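The values are calculated or read from the model by the stated rules, or taken from the named source; none is laboratory data. Remember, it's a predicted structure, so these values are computed and weren't measured experimentally. Glycine gets a Cβ as well: all are built from the backbone with ideal geometry, and neighbour counts include every protein chain shown. These area figures cover heavy atoms from the full protein model, side chains too; ligands, DNA and RNA do not enter into them. Shrake-Rupley method; radii C 1.70, N 1.55, O 1.52, S 1.80 Å.
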Amino acid sequence: LSHFYNEEEIRLIYCFLFTMPGVPFLYYGDEINMSYLPLKTKEGGYHRTGSRSPMQWNHSKNAGFTTADEKDIYLPVDTNLGNKTVEDQIDDEKSLLNHVRKLLSLRHQNACLRSVNNIEIIFASEEKKLFIYKRGDFYFVCNPSYYEEHYSFPNNVDYIYGVGETIVNNNDIIIKPNSFAILKIK
């Protein structure tokens, strides 16, 4: 994803992806925002080959993927200084890795957020980018636009998790640009 989107946009995408019905998918390395490496195709990988470089676990030899000689690794490790690793993000509460973990944990802890098709569209409009849907006792508010949006729910809600900035006052919310909020009915 880092080949196309910045980390703020990726966080928003993951909120949407992991709160929709169905079975979400995550390609290894995306949870730490590994970089795409421009590599020649290998065995039909075509342009995807650059997304299949070894997982970057730490800053040791071969990013902790293997202790083998570099020449013996099927695809090269990203050697750019400052590359992202699991080790760098695992203890950082605000890291992308922990963002993904929080979303997966929320999904795992609430049966209504798993693969069941229980989505109810609350708000969608051609004039606004604001998109609101409900699953079980949860509302999901996505504002990928550059404009602040306001909405009033029929129930009082609590802010559970999200990205960007959301202000909740009982059943009224203000959601700032490029934000996603997970709300639960009180």
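State yes or no: is PRO154 outside any strand (DSSP E or B), open to solvent by 20 Å² or more (accessible area, probe 1.4 Å), in contact (Cβ under 8 Å) with a residue 12 or more places away in the chain and in contact with a Pro (Cβ under 9 Å, 6 or more places away or on another chain)?
Judged against the criteria, PRO154 is not a match.
For the stretch 36-86, give me each residue that is under 21 Å from ASN6 (Cα atoms), not in a loop (DSSP other than H, G, I, E, B) and not basic (Lys, Arg).
HIS47, THR49, GLY50, SER51, VAL86
Which one of the conditions (1) modelled with pLDDT of 95 or more; (2) farther than 30 Å from TYR147 by Cα does ILE122 fail to meet, given that it meets all the rest?
Going through the list (1) modelled with pLDDT of 95 or more; (2) farther than 30 Å from TYR147 by Cα, ILE122 breaks only (2).
Any idea which of (1) at positive phi; (2) touching a Leu at 6+ places or on another chain (Cβ under 9 Å) is the one ASP78 doesn't satisfy?
Answer for ASP78: the failing condition is (1).
May I ask you to verify whether SER145 is among the small types (Gly, Ala, Ser), open to solvent by less than 50 Å² (accessible area, probe 1.4 Å) and assigned to a helix (DSSP H, G or I)?
No.
Does PHE25 count as surrounded by fewer than 20 Cβ atoms within 10 Å (Cβ to Cβ) and either of a type in the set (A, V, I, L, M) or under 28 Å from ALA111 (Cβ atoms) (or both)?
So PHE25 fits the description; yes.
Let me spell it out: the conditions are (1) in contact with a strand residue (DSSP E or B) (Cβ under 9 Å, 6 or more places away or on another chain); (2) not in a helix (DSSP H, G or I), and SER115 meets all of them except one. Which number is the exception?
(1)
If GLU31 satisfies every condition in (1) touching a residue at least 60 places away in the same chain (Cβ under 8 Å); (2) over 11 Å from the mean Cα position of the chain (by Cα) but one, which is the exception?
It fails just one condition, (2).
Mind checking which pairs have a first residue in the stretch 83-106 that is open to solvent by 30 Å² or more (accessible area, probe 1.4 Å) and a second that is assigned to a helix (DSSP H, G or I), Cβ under 6 Å, 6 or more apart or different chains?
Note: pairs meeting the criteria are LYS84/ILE32.
Specify the residue that is farthest from ALA124 (Cα to Cα); the eligible residues are those in the stretch 161-183 that are open to solvent by 70 Å² or more (accessible area, probe 1.4 Å) and outside any loop (DSSP other than H, G, I, E, B).
So, considering only residues that are open to solvent by 70 Å² or more (accessible area, probe 1.4 Å) and outside any loop (DSSP other than H, G, I, E, B), the one farthest from ALA124 (Cα to Cα) is ASN169.
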